[in-house]
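Below is one structure, written out as structure tokens, with a few remarks after it.
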Amino acid sequence: LAAFNLLLYLYQRVDTLLMNGQVSLKEIGDYALAYRGLEATLMVPGSVALILFSDTAGEKDQAESHKSLMHAFLLSIATCFTVIAVMMLVAPFAVALLFGKSFDNVSVLLRVLILGLAFQAVNPILNRWFSFVGQNDKLVWIGAVGLISNVAFNLIWLPRYGTMGSAYATIASYACVTCSYLLLVWRLKLINPSLAFTLLRESLHRGNTRA
């Protein structure tokens, strides 16, 4: 788990290191500020995930545990997309209010980075689920995927698009991490796929009924 946390730290900081010498210090500062805004926003789905997972981990029956986990997924996804919608609206006003008009580029970067929440919706829950079922060694590989993909995408897009390229790289690496989680979940059979689709259909049906 310590190795995973180290990889996670590097994964979240490597983009600013790669920017040195390729963009101005002002641009690096703008990106760092936008990323801090993303980290603060990630606390919302992260906190929801902690609460939901604590309920899931308390289930004794495996079927009920899977069912609770899928409900946690769906609620976490709904939370993330709600946060994305809100932040896309308020980010320009919040940045201008806190830092002034000279930081307009921060709000642009933040609105792009916020899209990464679409992939971060289930990552915190899956992270804790892997630990709960004794698969901590797999987390190291997932952390490595995040770090390597972030470096690779930055090397491709940073020289061409500057700090916006790093924002794209962050989103793409989030997608790689989420896909890695889901691939391992499928291969290790930690979640029953048929149950997942059944619960999704039930949730959509309830939503249509209420509408």
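Under 19 Å from the 7 Å Cα→Cβ point of R187, by amide nitrogen: which residues of segment 137-157? Residues 137-150 qualify, since their backbone N sits under 19 Å from the label point. Stretching the chain fully between F99 and D137 yields a gain of 9.5 nm (0.36 nm per residue, less the alpha carbon separation). Rolled with a 1.4 Å probe across the full set of protein chains, the surface gives M164 an accessible area near 40 Å². D104 sits with roughly 80 Å² accessible to a 1.4 Å probe, with DNA, RNA and ligands left out of the calculation. Neighbours of V177, meaning other residues whose beta-carbon lies under 15 angstrom from its beta-carbon, give a summed charge of +1 when Lys and Arg score +1 and Asp and Glu score -1.
The values are calculated or read from the model by the stated rules, or taken from the named source; none is laboratory data. Treat the numbers as computed from the prediction; the structure is a model and nothing was measured. Every residue, glycine as well, gets a Cβ built from its backbone with ideal geometry; the counts of neighbours run over all protein chains shown. Side chains included, ligands, DNA and RNA excluded: accessible areas come from the protein's heavy atoms. Shrake-Rupley method; radii C 1.70, N 1.55, O 1.52, S 1.80 Å.
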